[in-house]
Every structure is written in structure tokens, then in C-alpha cells.
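The values are calculated or read from the model by the stated rules, or taken from the named source; none is laboratory data. Small disclaimer: the values here were computed from a predicted structure and weren't measured. All Cβ positions, even for glycine, are placed from backbone atoms using ideal geometry, and neighbour counts span all protein chains on display. The accessibility values were calculated without ligands, DNA or RNA, using every heavy atom of the protein model including side chains. Shrake-Rupley method; radii C 1.70, N 1.55, O 1.52, S 1.80 Å.
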Amino acid sequence: MIRSLFVSLFFFFGPALLLFMLRNITLLLLLKAKRREDQAQQVEIIDITPVEKERAPNWFYALVVAISLTCAVSVFMSLDTGDTEIHKYVPAHVDESGNIVTGDWQGKK
């Protein structure tokens, strides 16, 4: 159960981080292209006006949360189906004929 919770948390934060990284990389590439275009046409003027940074729009945050929740819930549901076979570990031992049997996982009945 705890393993399923950790995997679900990974699949919640993983897509969110990937989407934010994709957004930032896209913005950086667009800014680089814009700066290259501006430098080609720019006259040397020094501007010291403070610029307010805009945050991402609210729809982007909602999209990130929706995708992350979808991934986390689907992974949690698939991990928690309970159709896995219960195993027990049988350690290495010597059988009746004196042969060494290696340790192995065997299904419980």
C-alpha cells in the first residue's frame, strides 16, 4: 500500500514537473528568438525601466493539476487492484537426496 502511494506521488509530481519544464524551455526559446530579432534591429538605447514578470495563466495550473491527478489516480488504481499473487521466500536448503536447492520465491496456496 505504501509502495503504491509513493509510486502514485511520483506519477503526480512527475508530469507536473515535466510540464513546467516544457513551459519554461519554450519560453526561454521564444525569448532567445525575440532577443536575437531585437538585436538585429536595435539602436543602442539604455532602458532601466523595471519590468514585472508575469506568472503562468490560471488555466495552465489547472491543466497541470488535472494531468497529474489523472496519472496519479490511474497508476494508484492499477497498482491497487489486488490481482497480484502472494509469494513467500523459501531459503536455500538441502533436500532429502542431499542436493542443494537454491532459495526462490514460491506462490502461496
>> Return the pair list, or none, for Cβ contacts closer than 7 Å from residues in region 57-82 that are open to solvent by 50 Å² or more (accessible area, probe 1.4 Å) to residues that are of a type in the set (K, R) and not in a loop (DSSP other than H, G, I, E, B), at least 6 apart or on different chains.
In response: none
>> Looking only at region 58-102, filter to residues that are under 22 Å from the mean Cα position of the chain (by Cα) and part of a loop (DSSP other than H, G, I, E, B); which one of those is farthest from L18 (Cα to Cα)?
In response: T81
> Which numbered condition trips up V101, out of (1) at pLDDT below 80; (2) in contact with an Asp or Glu (Cβ under 6 Å, 6 or more places away or on another chain); (3) not basic (K, R)?
Replying inline: (1)
> Restricting attention to region 38-56, and to residues there that are among the charged types (D, E, K, R) and either open to solvent by 100 Å² or more (accessible area, probe 1.4 Å) or farther than 24 Å from R23 by Cα (or both), which single residue is nearest to the chain's Cα centre (by Cα)?
Replying inline: R55
